[in-house]
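Right, one structure below, let's go through it.
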């Protein structure tokens, strides 16, 4: 039934088909906004109620890794936009190149995210029975990846925060629930996006996209940009809560 | 049904969507919206009877004050699983996924929905979600109430909450995909001449429903997703032990689940808007108002959710605002009810089975809607919240409204779906049985609620027994009323009298093609030159239209009564 560059049976013209597919993706993105909206609401309410715990949690994240990943994702959005442009102007080899670059940048993001997650597991910062926001401060030998200056700073901040919020350890778990929930859902969307990109890559290697038929590239591009925008929100919400001091 | 006086009896067309291809693969891999509608019909019917079984257990148990056959734990599971099966797996997909799927492309003159493969995917998603929840029902059951309130569901419940919640989560995506498909289809797939204000009101109702589906369902998805992660991985959003907020869960839950009520009732309103003009042979009174009322319900429906939470300690000012908005959302429903009634005035009414269901809907929806205002009033709600009054109210809307509309629509379009007529007299008896059984079951529950019987209790004081016995007796009548159509509609699909293309006759585009339709729906793309429900300027219907402006169209003679 599917023939590249040709019309699906239910449509009358290619233009109608393109409009339909694009509208469908935009509406899907609306549902995604509502989907992330729910968890962002939960985040906002908890951050408002337990500001100290959220600020403390946020400060344990690595600004360097998070900032690097933000740059990586922005770059991947650029390469994705270039892939769309290449397909609209029938530059077949460039499509393949830019799609490959986008996938590569996506995997760089995953790699950094893995490092960050692993750190949180080692530092006992995953919500649940073993959660302990004071773990590293109390067991400095187990957290040798944190250098002495940072450790001293963390200890100082923790003392202040624990004074302001006596139940800091419980409330900090809410921060990490938001952190893992939001970045986890975002990463899941990236995985789906990467799958779609691999499919596009296969099609583009087969030379299927050109100025007349580039709908899939366009639509996956929309999705990829959306996932990127979600991260643009997540980065300040999770990493930059209380960095101005 | 129109009498066949001249010409030969109608014959089934040689080629149609049911005999275009054969074999199990041709069904399970179909992208034809009509076949997918039938797949949905089979699966929602299955869940309807699963939910119905639980309902019968509840009613049997409540025959005596101390309870007849279940332990308290089992009773909790019965009412929970009844709610989950009926709400998420029957009511929400029922009319949209079965009739909307079948009819929207036919009504707007398209060959299929905009995304046929996504349409099939939505059915598989529904089935997978259904499997998860069924598995939960069989292995440990579910006892949280269909509302999954935290922290009962996330921390304390000893039942299979996780798989049930995951099942509902998954099924939500089938609803999102269906809504997305409908919205895009109505925007981009209409036939030439099919302008927005020539769309049948069934399509308008589904357009409004789709808006609710795509804006609301993702929110329940993330909410149940978080609840599931909380139960399984120990995240803490809704867990007071970590400072999380159980009320937040309720807000997010009702932000979807109140609009979900409109996902259930709006499509039924769409069906009624088709039935009443057809059997009154009159253009629907105030077409534009009914169309706009559908959209108004969809929009305002998003602004009333905390009326489920008046007693959770929310701020009085918020409660007043939401109470006010709850009264406002009744207005578009009232507009529709008045317009349906006004359509009857001066019409040539005939009492075919679908019209009996339409009348049943009007009366029951009226009672259900008005008692909703009692519950939306802050002072009254303090007294009757979480009593049987609430149970009766929403069953009048869900069963009296949505299921009546569903069955009315099934009868009305059965000749289009199968090409064959159901047995008229048996169907009328079933419609009456349902109406009587329904009122017997649920009217006593209003009285029980006013007397103070709380919902979800497995025992009650002896003075409530008479009403509970009435309710249980009514439920058994109701059960017969549901079994009858299932039996004779199935029979009619194979052995019923051949119906012809337009047996009623009705004005919609779906009646301009053969019954059952071709796989491509129409031989050539139709061009629409008439307004919706315009009986006067449709000589092709073969109705007797006396001269003179505004004169009633003469109802066709009945062939079988």
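Relative to the longest principal axis of the C-alpha atoms of chain B, give the angle of the C-alpha long axis of helix B:116-138, reported between 0 and 90° and rounded to the nearest 10°.
It works out to around 40 degrees.
FRET efficiency for residue A:90 and residue A:151, Cβ-Cβ distance as r, R0 = 56 Å, nearest 0.05? Before the final figure, lay out each step's value.
Working: r = 57 Å, r/R0 = 1.01.
So the FRET efficiency works out to roughly 0.50.
Take every residue in peptide A:42-51, count the Cβ atoms of other chains within 10 Å of its Cβ, and give the average of those counts. Can you show the working numbers first?
Numbers: counts 12, 1, 0, 6, 7, 0, 0, 3, 3, 0.
If you average over the peptide's residues, the count of other-chain Cβ atoms is 3.
Alpha carbon centre of region B:105-128 versus region B:236-277: separation in Å?
Rounded to whole Å, the Cα centres lie 24 Å apart.
Give me the distance between the Cα centres of region A:20-51 and region B:415-465, rounded to whole Å.
So the two Cα centres are separated by 40 Å.
At a Förster distance of 51 Å, what's the computed FRET efficiency of residue B:46 paired with residue B:523, Cβ-Cβ distance as r, to 0.05?
Efficiency at R0 = 51 Å is approximately 0.90.
Which length gain, in nm to one decimal place, applies between residue A:240 and residue A:164 when the Cα-Cα distance is subtracted from 0.36 nm times their residue separation? Could you put the intermediate results ahead of the total?
Details: separation 76, 0.36 × 76 = 27.36 nm, distance 1.98 nm.
25.4 nm is the gain from fully extending residue A:240 to residue A:164.
To the nearest 0.05, what FRET efficiency results for residue A:222 and residue B:195 with a Förster distance of 25 Å applied to their C-beta separation?
Values: r = 29 Å, r/R0 = 1.16.
Calculated transfer efficiency: 0.30.
Per-residue ellipticity at 222 nm for chain B, helices alone: DSSP H runs ≥ 4 residues times -39500 (n - 2.57), over residue total, nearest 500 deg cm²/dmol?
Theoretical 222 nm ellipticity from helices: -20500 deg cm²/dmol.
Would you mind giving the mean number of other chain beta-carbons within 10 Å of the Cβ of each residue in B:181-190, as a whole number?
Details: counts 2, 0, 4, 10, 3, 0, 5, 10, 5, 0.
Across the residues of B:181-190, the mean count of other-chain Cβ atoms within 10 Å is 4.
Go ahead and set up a Gaussian network model of chain A, Cα springs under 10 Å, then flag whichever of A:146, A:39, A:219 fluctuates most.
Highest fluctuation of the listed residues: A:146.
Ignore the peptide's own chain and count Cβ atoms of other chains within 10 Å of each Cβ in A:19-31; give me the average, rounded. Don't skip to the answer; put the middle values down first.
Working: counts 4, 7, 4, 2, 6, 11, 2, 2, 10, 7, 0, 6, 13.
The mean count of partner-chain Cβ atoms within 10 Å per residue comes to 6.
Can you give me the angle between helix B:465-495 and the longest principal axis of chain B, using Cα atoms only, in degrees from 0 to 90, rounded to the nearest 10?
Approximately 40 degrees, to the nearest ten.
I'd like the distance between the alpha-carbon centres of region A:54-125 and region B:188-226, rounded to an integer number of Å.
The distance from the Cα centre of region A:54-125 to that of region B:188-226 comes to 35 Å.
Give me the log10 of I(q) over I(0) for the protein assembly as shown at q = 0.07 Å⁻¹, as the Debye formula computes it from C-alpha points; what are the numbers?
Scattering profile of the protein assembly as shown, log10 relative to I(0): -0.58.
When you count, for each residue, the other Cβ atoms within 10 Å and take the mean per peptide, how do B:225-234, B:380-389, B:199-208 rank with the highest first?
Numbers: B:225-234: 21.2, B:380-389: 18.4, B:199-208: 27.2.
Listed from highest to lowest mean packing, they are B:199-208, B:225-234, B:380-389.
Can you give me the Kirkwood hydrodynamic radius for chain A, using every pair of distinct Cα atoms, in Å to one decimal?
Working: mean 1/r = 0.0497 Å⁻¹.
Value: 20.1 Å, from the Cα pair sum.
Quick check: pseudo-label points 7 Å beyond the Cα along Cα→Cβ at residue B:155 and residue A:104, how many nm apart are they?
5.0 nm
Could you check the simple spin-label distance between residue B:436 and residue B:187, using points 7 Å along Cα→Cβ, in nm with one decimal?
For residue B:436 paired with residue B:187, the spin-label model returns 5.0 nm.
Going out from 0 in 20 Å bins, what whole percent of all Cα-Cα distances in chain B drops into each bin?
Reading upward from the zero bin: 21, 56, 21, 1.
Take chain A, connect every pair of alpha-carbon atoms lying under 10 Å apart with a spring to form a Gaussian network, then pick out the residue of A:229, A:45, A:95 with the largest mean-square fluctuation.
The residue with the greatest mean-square fluctuation here is A:45.
How far apart, in nm, are the 7 Å Cα→Cβ label points at residue A:138 and residue B:331?
It is 6.0 nm.
What full-extension length gain, to one decimal in nm, is calculated for residue B:476 and residue B:494 as 0.36 nm per residue of separation minus the Cα-Cα distance? Let's see the in-between values first.
Numbers: separation 18, 0.36 × 18 = 6.48 nm, distance 2.81 nm.
Residue separation times 0.36 nm, minus the Cα-Cα distance, leaves 3.7 nm.
Tell me the Kirkwood hydrodynamic radius of region B:204-330 in angstroms, computed as one over the mean inverse distance between distinct C-alpha pairs. Don't jump to the answer; show the numbers that get you there.
Values: mean 1/r = 0.0609 Å⁻¹.
Value: 16.4 Å, from the Cα pair sum.
Applying a 10 Å radius around every beta-carbon, put A:132-139, B:534-541 in order of their mean neighbour count, most first. The partial results should precede the final answer.
Numbers: A:132-139: 17.5, B:534-541: 15.2.
Put in order of decreasing packing, that is A:132-139, B:534-541.
Quick one: the Cα spread of region B:473-553 along its three principal axes, in angstroms, biggest first?
Projected onto the principal axes, the Cα atoms of region B:473-553 cover 51, 35, 20 Å.
Which residue fluctuates most in the GNM of chain A (Cα springs below 10 Å): A:23, A:94, A:158?
A:23
For the Cα atoms of chain B, what angle does the longest principal axis make with the long axis of helix B:72-84, in degrees from 0 to 90, nearest 10?
For helix B:72-84, the angle is close to 30 degrees.
What ranking do B:439-451, B:397-409 get when scored by the average of other Cβ atoms within 10 Å per residue, highest first?
On the way: B:439-451: 20.8, B:397-409: 25.9.
Top to bottom by mean Cβ count within 10 Å: B:397-409, B:439-451.
Which length gain, in nm to one decimal place, applies between residue B:459 and residue B:25 when the Cα-Cα distance is subtracted from 0.36 nm times their residue separation?
Values: separation 434, 0.36 × 434 = 156.24 nm, distance 4.99 nm.
Taking residue B:459 through residue B:25 to full extension adds about 151.2 nm, to one decimal.
Obtain the radius of gyration and the Kirkwood radius of region B:380-536 from its C-alpha atoms and give Rg over Rh. Walk me through the numbers before you get to the answer.
Working: Rg = 21.1 Å, Rh = 18.4 Å.
Here Rg/Rh amounts to 1.15.
Where a number appears in this text, it was derived from the coordinates with a stated rule and is not lab data. Nothing here was measured: the structure is a model prediction, and the numbers come from that model. In this analysis, Cβ positions are derived from the backbone assuming ideal geometry, glycine residues included, and neighbour counts consider all displayed protein chains.
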